[in-house]
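One structure is given here, and the rest of the page talks about it.
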Amino acid sequence: MLINKLLIAAAAVALVPALLMGAEIKDAESATHGDEAAQYQEVDTYKYPGFEVVQYDLTTLSHFSYLLVSNGEALVVDPGRDIATYLKAAEDRGVKITAVWLSHSHADFVAGQIELAHALKVPIYISAKAGAEYDHVPLKEGDTLKVGGVTVTFLETPGHTPDSMCGLVAASAAPQKPIVMFTGDTLFVGSVGRPDLLGKGMSASSLASMMFDTWTNKLSKLPDDVVIMPAHGAGSLCGAHLSDEPVSTIGEQRKTNVYLQHKTRGEFVAAVLEGLPEAPQYFAHNAAMNRRGPELVDWNPESLSEIAPSAELSDPKKHYLVDVRDAAEYAAGHVPNSVNIGLRGRFETWTGIMVPWESNLVVVGDKEDLPEAVHRLHRVGYKARVLSYDAWKKAGLPVVTTATVPPKELHAAMQQTESPLVVDVRQPKEWEELRIGTVVNMPLNHLAEQSVKLDRGAPIVAVCNSAYRSSLAIGVLEREGFGNVRSLAGGGEAWIEAGLPVIESGAAACPIPAVGSGMQSVRLADRISPAELKRTLMDLPGSVQVIDVRPAAHFADYHLPGSQNADLADVMGNPAYLTGDIPLVIVDRDGSIAMMVAGVLAQKTGRRVIALHGGLQAYWAESDLGSLIAPGMLPSGPAAGASGANAVSPLRTAPQPQAAPTPAAKPKKRSAGC
């Protein structure tokens with residue numbers, strides 16, 4: 001602990017921003033709280049010789065869709081259900097939409113293929129393997145589609161689903177020289193499509209194995225400069241660890257996509273299956289709707305389907321009431337047993353996660369917000385009646401209030417003998433990385449079923465990152481019969497801004513005085529003994545990333561199996577080392593430099609950073625050579641003559657070369673947590 005404090009002091013100039021800002025707890029949920037997040041936003045128009053691609057982002061669903069434009073014609077790629085944005089874009093550009101293509105049967109949103117076909121009388125293209133029950137043009141490997149002066153060549157790329165396809169865009173005069181590839185949910189920036197959405201239809205490992213073949217035998221053979229344009233970005237539940245970069249290239253993904261670094265089928269399949277977020281229950285229903293062909297929607301109804309206020313609406317067995325106002329308004333007063341899913345957030349996704357598909361859904365809120373709520377629910381296939389909250393109050397019906405708890409008040413209460421039970425409703429990984437104290441974790445999507453473990457009469461405070469999910473948790477617990485539940489005002493973000501202590505990566509953070517009043521938490525690097533690291537490398541290979549910061553010549557002499565050599569300056573300055581799902585272990589000659597590097601990196605990241613105590617000198621002294629050294633990498637000196645039990649094990653293979661991390665343009669967003 002003392003060593004780390006001295007190292008932090010020595011690196012004060014570099015660490016002042018970290019000390020002032022404290023820990024970071026933001027996620028993709030927080031990025032969706034603005035009005036613009038609920039609208040299709042033009043990310044960019046990418047111009048190439050003879051064509052251009054317009055990319056749209058619907059942030060609340062992390063959904064990318066496209067308009068491919070060439071010589072007055074346009075192809076719509078993976079459209080959302082509400083198609084007005086594409087129609088207006090085509091009109092503004094003076095082009096004619098001639099077709100729509102779906103890369104596969106989407107599960108996380110209702111697609112707009114039927115809406116476009118009805119409005120424009122254009123054909124729908126989709127894989128012959130999709131089982132589409134509407135009029136369409138079935139596609140198979142190698143089929144082509146001309147759009148103006150370009151040709152789209154379709155590749156069968158199973159993995160996310162059996163019917164997944166990618167579309168290569170090239171000038172019609174040179175169709176063998178692809179420039180852009182629409183990858184759908186096959187290949188994301190930084191990730192690949194999850195293979196576990198078919199349930200009993202096909203095993204996830206079988207689809208992951210297909211994805212391995214898709215990359216190895218097809219996509220990896222493409223030129224490095226082919227630009228990839230996926231259907232989703234950071235925050236999507238169609239994969240794990242997606243980047244927030246909107247586009248990339250085959251070459252960049254070849255180097256930096258963590259899944260594509262696995263060169264064996266078994267490792268690739270294991271990596272793809274590990275750590276997937278739970279799929280929301282509405283995914284299966286949306287996929288079925290997309291296969292059947294979604295029914296048409298009246299996007300501009302003269303009136304909404306209103307329901308009259310009555311006490312019966314408060315019965316959770318008969319209705320599911322969703323209050324779309326913000327958390328503060330909901331806390332000030334709401335219909336009993338209503339659940340708060342604010343419009344200014346991932347409203348569509350959270351409704352799909354929390355509200356059973358066949359529920360008698362009623363949307364409650366301010367009258368002016370109800371049309372938007374109904375419109376957005378159509379994107380994920382839900383229909384709802386509406387109820388004005390003012391009408392409920394005017395009817396003189398009961399109202400429930402649930403005061404929020406300011407961070408400092410909650411912190412003080414947590415120090416008392418009769419403290420409240422704090423329930424963190426984020427996903428387990430979020431809770432493990434950083435939490436506000438000794439609190440219980442009950443993920444929001446399982447809160448109702450896990451609430452049987454809780455005393456319905458005891459005081460409970462729900463906590464998340466921004467209060468969006470914890471406010472939702474209030475209604476969930478009310479529906480389960482809890483009557484003394486409050487939410488942390490502003491969530492963990494407000495807690496950190498108040499300078500209150502946190503626990504990170506399973507260990508209590510060491511609080512030190514910050515500038516001004518209050519306390520800030522400083523994250524310190526961990527240390528690992530040679531014996532512990534040896535056991536880890538032997539028993540759990542691949543569970544840590546070992547970076548050796550010694551000079552390259554020393555590394556070439558000898559090194560730990562599976563370790564990577566990296567320049568000290570690169571490790572200190574390259575943000576790629578700050579991301580990762582497994583701990584980062586820094587090793588050097590005697591442990592001194594490793595402790596310094598680990599101490600500095602630990603201030604910049606939520607990733608666990610560990611230094612090898614005593615360095616490789618201690619490793620040699622405390623371990624037998626048979627488990628230490630990669631074949632042919634024996635050091636000179638006293639240990640060099642080992643034989644017999646101390647010789648290099650014939651079962652250990654030489655470490656495979658690994659690509660050096662490439663700096664990210666900006667940090668990845670974290671999943672909103674399902």
Based on the mean of other Cβ atoms within 10 Å per residue, sort peptides 439-451, 111-123 so the most packed one is first. 111-123, 439-451
Relative contact order (%) - the range 303-394, alpha-carbon pairs under 8 angstrom, separation at least six: 34 percent
First check a/c for the range 303-394, with a ≥ b ≥ c the square roots of the eigenvalues of its C-alpha gyration tensor; if it is under 1.5, answer rounded, and if not, answer prolate when a/b is larger than b/c or oblate otherwise. rounded
When Lys and Arg each count +1 and Asp and Glu each count -1, what net charge do the other residues less than 14 Å away from Lys318, Cβ to Cβ, add up to? 0
Spelling it out for Lys96: with amide H atoms placed in the peptide plane at 1.01 Å from N, the residues 5 or more places away or on another chain with amide H under 5 Å from its amide H are Glu73, Ala74
What list of ³J(HN,Hα) couplings, whole Hz, do you get for the range 323-338 from phi and the Karplus terms 6.51, -1.76, 1.60, once you set θ to phi - 60° and write x for glycine and proline? 8, 9, 6, 6, 4, 5, 5, 4, 5, 5, x, 8, 5, x, 6, 7
Taking the highest mean first, how do the peptides 65-77, 307-319 order by number of other beta carbon atoms within 10 angstrom per residue? 65-77, 307-319
In terms of Cα to Cα distance under 17 Å, which aspartates and glutamates are near enough to Lys263, apart from those fewer than 8 places away along the same chain? Asp213, Glu252, Glu274
What net charge do the residues around Lys129 carry, taking every other residue with its C-beta under 12 Å from that of Lys129, with Lys and Arg at +1 and Asp and Glu at -1? -1
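Which of rounded, prolate or oblate describes the range 407-518 when judged by the alpha-carbon gyration tensor and an a/c cut-off of 1.5?
Note, shape of the range 407-518 comes out prolate.
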Phi-derived 3J(HN,Hα) across the range 150-164 with the Karplus relation (6.51, -1.76, 1.60, θ = phi - 60°), rounded Hz, x for Gly and Pro, is 10, 10, 9, 9, 9, 10, 7, 10, x, x, 5, 9, x, 9, 4
Report, ordered by chain and residue number, the lysines lying within cross-link reach of Lys177, taken as a straight Cα distance under 16 Å and ignoring same-chain residues fewer than 8 apart. Lys146, Lys218, Lys221
For the range 39-162, what does the alpha-carbon gyration tensor say about shape, rounded, prolate or oblate, given a ≥ b ≥ c as the root eigenvalues, a/c under 1.5 as rounded, and a/b over b/c as prolate? rounded
Less than 24 Å apart at the alpha-carbon level, and either on another chain or at least 8 residues along: which lysines does that give for Lys429? Lys26, Lys453, Lys604, Lys666, Lys668, Lys669
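Read the figures in this text as sums done on the coordinates, not as results from a lab. Quantities reported herein were computed from a predicted structural model and do not represent experimental measurements. Note: ideal-geometry Cβ built from the backbone for every residue, glycine included; neighbour counts use all protein chains shown.
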